[in-house]
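A.B. asks: Dumping the structure here so I can ask a few things about it.
Just so you know, all these numbers are worked out from the coordinates, no wet-lab data involved. Nothing here was measured: the structure is a model prediction, and the numbers come from that model. We place every Cβ from the backbone using ideal geometry, glycine too, and count neighbours over all the protein chains shown.
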Amino acid sequence: MEQLQKFVSNKFTLTLCFGGISALTAFTILRNKKGKNSQKKGKLYFHSVFRSNRCIWLLRELNALEDYELIDVDVWDKTSNESKSYTETVHPHTTVPALQYEDLTLLESGAICMHLAEKYHSLIPTDLGDLYNIMFYVCATLDEVQEKLFVQFFFNEKNGTEDKNEIEHATQKFNACAKYLVTRLRGKEYICGDKFSVADCVLGYNMWWASEMKEGILIQKYPELLSYLERLKSRPAFQQTWKSSKPVM
Ligand SMILES: N[C@@H](CCC(=O)N[C@@H](CS)C(=O)NCC(=O)O)C(=O)O
């Protein structure tokens, strides 16, 4: 009986040992496999000077551009095979940017920027409430206003179909945004404080965009915004990102 107990106890110990080793081996194999997959480059779909520049600029600021494959998609040519395949496999609206990993596709420039800052643990301000507010304000409110004006100035005015009421309404809204941003920048170098952050890559794009529309008519009367834009433009990562830009359409 004593012998049997000893045998069972030894067997139990052996089972535990081998079980433990097998589990550890399986865990290590799985971890290595996962490690290899996560080393696979993500794909950033972009088109020169568009909102994808927010993400490319940020990747440069994070020193992480090499971790991504940059794929230029001419989203304006909706009839090309490249464009059709992009709509089917990446972005249902055929717009840029999009960031694609094997198991995840991000479609919004603001979300991509937040994801990258979080992934590289950098350029995130300490006051997250302030960061979220600015990110959503720019991507939801300001983008919408600038998009409307962009369509009027760059497309409709050229073919004589501009809507003067729409231009006036959107300009008023832009002015309200600009005044709000001036108050938010007061006493600060950057939009979320004295340190450059992911929020500056997002808002900085809008400031550049406004400066390009109609010789900067919208932003000209806001010296605080112009000097903020100059601060951003002096950054090497900004300059490299805009270096290869084609003219705005
Ligand atoms: N809310 C989206 C907007 C994306 C967007 O509309 N991108 C523009 C370029 S800035 C585009 O691809 N336009 C092509 C089109 O509308 O056909 C984001 O921030 O990522």
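A.B. asks: Out of curiosity, is Asp77 near the ligand (Cβ under 10 Å from one of its atoms), surrounded by fewer than 16 Cβ atoms within 10 Å (Cβ to Cβ) and assigned to a loop (DSSP other than H, G, I, E, B)?
C.D. replies: Yes, satisfied.
A.B. asks: Next question, about the same structure. Specify the residue that is surrounded by the fewest Cβ atoms within 10 Å (Cβ to Cβ); the eligible residues are those in the stretch 100-134 that are assigned to a helix (DSSP H, G or I) and either aromatic (Phe, Trp, Tyr) or within 11 Å of the ligand (Cβ to nearest atom) (or both).
C.D. replies: Ranking the candidates gives Tyr132 first.
A.B. asks: Look at Tyr68 and say whether it is more than 15 Å from the ligand (Cβ to nearest atom), surrounded by 15 or more Cβ atoms within 10 Å (Cβ to Cβ) and in contact (Cβ under 8 Å) with a residue 24 or more places away in the chain.
C.D. replies: yes
A.B. asks: Here's another thing I want to ask about it. Look through Phe155, Phe150 and report the one residue that is within 12 Å of the ligand (Cβ to nearest atom) and farther than 30 Å from Glu69 by Cα.
C.D. replies: Among Phe155, Phe150, only Phe155 is within 12 Å of the ligand (Cβ to nearest atom) and farther than 30 Å from Glu69 by Cα.
A.B. asks: Let me ask something additional. Pick from Ala178, Ala170, Ala199: which is under 27 Å from Glu66 (Cα atoms) and part of a helix (DSSP H, G or I)?
C.D. replies: Among Ala178, Ala170, Ala199, only Ala199 is under 27 Å from Glu66 (Cα atoms) and part of a helix (DSSP H, G or I).
A.B. asks: Every residue in the stretch 202-221 that is crowded, with 20+ Cβ neighbours inside 10 Å and either basic (Lys, Arg) or in a loop (DSSP other than H, G, I, E, B) (or both), please.
C.D. replies: Result: Leu218, Ile219.
A.B. asks: Taking the condition part of a loop (DSSP other than H, G, I, E, B) and more than 18 Å from Ser109 (Cα to Cα), does Thr161 pass?
C.D. replies: Yes: the conditions hold for Thr161.
A.B. asks: Right, here's the next one. Which numbered condition trips up Arg186, out of (1) touching an Asp or Glu at 6+ places or on another chain (Cβ under 8 Å); (2) buried (at least 17 other Cβ atoms within 10 Å of the Cβ)?
C.D. replies: That leaves (2) as the condition not met.
A.B. asks: Name the one entry in Glu88, Glu82 that is more than 18 Å from the chain's Cα centre (by Cα) and either near the ligand (Cβ under 9 Å from one of its atoms) or surrounded by 12 or more Cβ atoms within 10 Å (Cβ to Cβ) (or both).
C.D. replies: Exactly one residue qualifies, and that residue is Glu82.
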